[in-house]
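Asker: Got a structure for you, written out below as structure tokens; questions coming shortly.
The values are calculated or read from the model by the stated rules, or taken from the named source; none is laboratory data. None of these values were measured; they are calculated from a predicted model. Backbone-built Cβ (ideal geometry, glycine too); neighbour counts: all protein chains shown.
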Amino acid sequence: MEKYRIETTEYAVDKIEALIAEGLNQYNDEVTGSSDRRPLAVTVKDPSSGEVLGGITGRSSLGLLFVDLFYLPESMRGAGLGSELLRRFELEGRRRGCVSAVLYTISFQAPRFYEQNGWTRFGEVPCLPAGTSRIFMSKTL
């Protein structure tokens, strides 16, 4: 009889991810003595409907602020709104005790935007399509 069975899947990943996150978070909490993981979102909303039009999601944990997703519709770019969202996201990270922030972007997305807002590249990995790369960035808060 098999002791374990290893599977590869693309189904029920949310449920699997939750189980893995729970186990990893429990282990990290035991080792660090800290359970400070908190989600964070800074959004821009339509003032009439209250509908979320874009924003940033991420989390804070163990003194680091993580930018996971950042999106603004093209019509809302170029007028400083993105910089203000990022500033508020970073401000909340500082308020939570974070000393640094990390993210990755893709070369065709927003590396220059982040650099203009004080972020520094610390790594780059080629990806598809050809000629593009994932750019890893950090910022001291």
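Asker: Among the residues of the range 23-46, is any of a type outside the set (S, T, N, Q), assigned to a loop (DSSP other than H, G, I, E, B) and modelled with pLDDT of 95 or more?
Answerer: Yes: the range 23-46 contains one or more residues that are of a type outside the set (S, T, N, Q), assigned to a loop (DSSP other than H, G, I, E, B) and modelled with pLDDT of 95 or more.
Asker: Out of curiosity, is Ser83 over 12 Å from the mean Cα position of the chain (by Cα), more than 30 Å from Gly33 (Cβ to Cβ) and not basic (Lys, Arg)?
Answerer: yes
Asker: Return the pairs, sorted by first residue and then second, in which the second residue is surrounded by fewer than 11 Cβ atoms within 10 Å (Cβ to Cβ) and assigned to a loop (DSSP other than H, G, I, E, B), the first residue lies in the range 38-54 and is among the β-branched types (Val, Ile, Thr), the beta carbons are less than 9 Å apart, and the residues are 6+ apart or on different chains.
Answerer: Val52/Asp46
Asker: Among the residues of the range 51-67, count how many are under 17 Å from Thr140 (Cα atoms) and either loosely packed, with under 14 Cβ neighbours inside 10 Å or under 14 Å from the mean Cα position of the chain (by Cα) (or both).
Answerer: Total satisfying the criteria: 9.
Asker: Now, a different point. Identify all residues within the range 109-130 that are without any contact (Cβ under 8 Å) to a residue 12 or more places away in the chain and over 18 Å from Leu69 (Cα atoms); write none if there are none.
Answerer: Listed by number, the residues that qualify are Val125, Pro126, Leu128, Pro129, Ala130.
Asker: Hey, can you tell me all the residues within the range 18-50 that are in contact with a strand residue (DSSP E or B) (Cβ under 7 Å, 6 or more places away or on another chain) and either loosely packed, with under 14 Cβ neighbours inside 10 Å or farther than 13 Å from Glu90 by Cα (or both)?
Answerer: Selection gives Asp36, Arg37, Arg38, Pro39, Thr43, Val44, Lys45, Asp46.
Asker: Restricting attention to the range 69-96, report how many residues are within 30 Å of Tyr27 (Cα to Cα) and without any contact (Cβ under 8 Å) to a residue 12 or more places away in the chain.
Answerer: Residues flagged as within 30 Å of Tyr27 (Cα to Cα) and without any contact (Cβ under 8 Å) to a residue 12 or more places away in the chain within the range 69-96 amount to 2.
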